[in-house]
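Novice: My questions all concern the structure below.
The values are calculated or read from the model by the stated rules, or taken from the named source; none is laboratory data. Small disclaimer: the values here were computed from a predicted structure and weren't measured. Here Cβ is always computed from backbone atoms with ideal geometry, including for glycine, and neighbour counts include all displayed protein chains. Each accessible area value is taken on the protein alone, full model and side chains, heavy atoms only, with ligands, DNA and RNA left out. Shrake-Rupley method; radii C 1.70, N 1.55, O 1.52, S 1.80 Å.
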Amino acid sequence: MSPAFRAMDVEPHAKGVLLEPFVHQVGGHSCVLRFNETTLCKPLIPREHQFYETLPAEMRKFTPQYKGVVSVSFEEDEDRNLCLIAYPLKGDHGTGDIVDNSDCEPKSKLLRWTNKKHHVLETEKSPKDWVRQHRKEEKMKSHKLEEEFEWLKKSEVVYYNIEKKGNISSQLKHYNPWSIKCHQQQLQRMKENAKHRNQYKFILLENLTSRYEVPCVLDLKMGTRQHGDDASEEKAANQIRKCQQSTSAVIGVRVCGMQVYQAGTGQLMFMNKYHGRKLSVQGFKEALFQFFHNGRYLRRELLSPVLKKLAELKAVLERQESYRFYSSSLLIIYDGKEWPEVALDSDAEDLEDLSEESADESAGAYAYKPIGASSVDVRMIDFAHTTCRLFGEDSVVHEGQDAGYIFGLQSLIDIVTEISEESGE
């Protein structure tokens, strides 16, 4: 049995892990689910799975850690609420799987999934409430999701006011419109296919947001080409059109999604891919500026670490032969919670007591260093259309570097540098 399930001390295939929505998904159309605090899972795509199992060692620091494969089934509990449950694969002896799921939600806890728009997770319902909701779900057809999808297209940039005195991170689960859309569509797809298929393979990946209290996430679609070599003519033409009509063709990168908590105003801002496609190069730069802005001022301390990691990634990709990362994204993540600035010679006890206000009041008395200033993550994700010569079944084998992706990285470096210089850093 996989180590992912050993910590649960359960019989194989008798009990599983209840998968929860991942509330920090800001882009992509594939549903990402929360396996536990540090681990996510998403539908297994053979090409992406092959990439994670064969990727070069020097690329590992720029991709989520791969943790194995689980079997996911679509189930109803005794009250006919919809659940997605992860089980170990038959014959899985845990090769390469190093997940500790001591913080997983066991199936017996029975959190419920519903199709309610702003409440993705529910606890117990009264019988009358359940009957009313169940009838509503039965009447809802697939076109209802299309209507909500159209609403999301029109609501390309959304702001929510957050109660700053409460638990900010716990409030996020009720607001992310893109995450809600993906979960609704995944449930609907699996519900429609339940009669024909009820077992799906999902891959387990590192949750890159787990170490941040209030994750700010920027999803960038990288490269000048998005369609894979196996795309149909219609699909390729559609992807080419999207690139030509967006910043992808001009600078090799476009905004695919964004989630930013602006501590200064107490607002949570979401931007989806439809807005990202409409941005000009100047608009892209302004969106990037907005991503690093807290509502009062630019988070300048984040820019140098980002530039350093982008330069490191660019150097790594320049050494990769024959890889093409078509339709891959780049995530930039930092903590929207602003930590106090502290003296470089402060003791650990001092750090616990120092507040942001006291740090501001004593500015200039010591040399100060922001806590977590370099705590910015830059990672590549989404490799469903990646190819290289190691993938033996591919009909097309490319030579040299992925020039389109590297071009996008350089454009990103140039724009962040401009923002840094213009802000006076």
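Novice: Per residue of the range 220-227, in order, report the coupling 6.51 cos²θ - 1.76 cosθ + 1.60 (Karplus, θ = phi - 60°) as ³J(HN,Hα) in whole Hz, putting x for Gly and Pro.
Specialist: In residue order, the calculated couplings are 10, 7, 9, x, 8, 10, 10, 7 Hz.
Novice: Now for a different question. Per residue of the range 264-275, in order, report the coupling 6.51 cos²θ - 1.76 cosθ + 1.60 (Karplus, θ = phi - 60°) as ³J(HN,Hα) in whole Hz, putting x for Gly and Pro.
Specialist: Karplus-based 3J(HN,Hα) across the range 264-275 equals x, 10, x, 10, 10, 10, 10, 10, 9, 5, 5, 5 Hz.
Novice: For the residue pair Ser304 and Glu78, what label-to-label distance in nm results when each label sits 7 Å from Cα along the Cα-to-beta-carbon direction?
Specialist: About 6.0 nm, to one decimal.
Novice: Between Asn161 and Gln199, what is the label-point separation in nm under the 7 Å Cα-to-beta-carbon projection?
Specialist: 5.2 nm
Novice: At a 1.4 Å probe radius, which order do Lys15, Lys42 fall into by accessible area, largest first?
Specialist: Lys15, Lys42
Novice: OK, next. In terms of modelled amide H atoms, which long-range or inter-chain residues lie less than 5 Å from the amide H of Phe35?
Specialist: Amide H to amide H, under 5 Å and 5 or more residues apart or across chains, Phe35 pairs with Leu40, Cys41.
Novice: Let me ask you something else. Could you go through the range 58-63 in sequence order and give the Karplus-derived ³J(HN,Hα) for each residue, using 6.51 cos²θ - 1.76 cosθ + 1.60 with θ = phi - 60°, rounded to whole Hz, and x for Gly and Pro?
Specialist: 6, 8, 4, 5, 10, 9
Novice: Then there is this: Fully extended, how many nm does the chain gain between Arg389 and Val250 (0.36 nm per residue separation, minus their Cα-Cα distance)?
Specialist: Extra length available between Arg389 and Val250 comes to 47.2 nm.
Novice: In whole percent, what relative contact order does the range 244-299 give with Cα contacts below 8 Å and a gap of six or more residues?
Specialist: About 37 percent, as a whole number.
Novice: With a sphere of radius 11 Å drawn around the Cβ of Leu279, what net charge do the other residues whose Cβ falls strictly inside it have (Lys, Arg +1; Asp, Glu -1)?
Specialist: +3
Novice: Net charge near Glu48: determine it from the other residues with C-beta under 12 Å of the C-beta of Glu48, scoring Lys and Arg +1 and Asp and Glu -1.
Specialist: +1
Novice: While we're looking at this one, here's another question. Using modelled backbone amide H atoms (1.01 Å from N, in-plane), which distant-in-sequence or interchain residues come within less than 5 Å of Gly68's amide H?
Specialist: Under 5 Å from the amide H of Gly68: Leu204.
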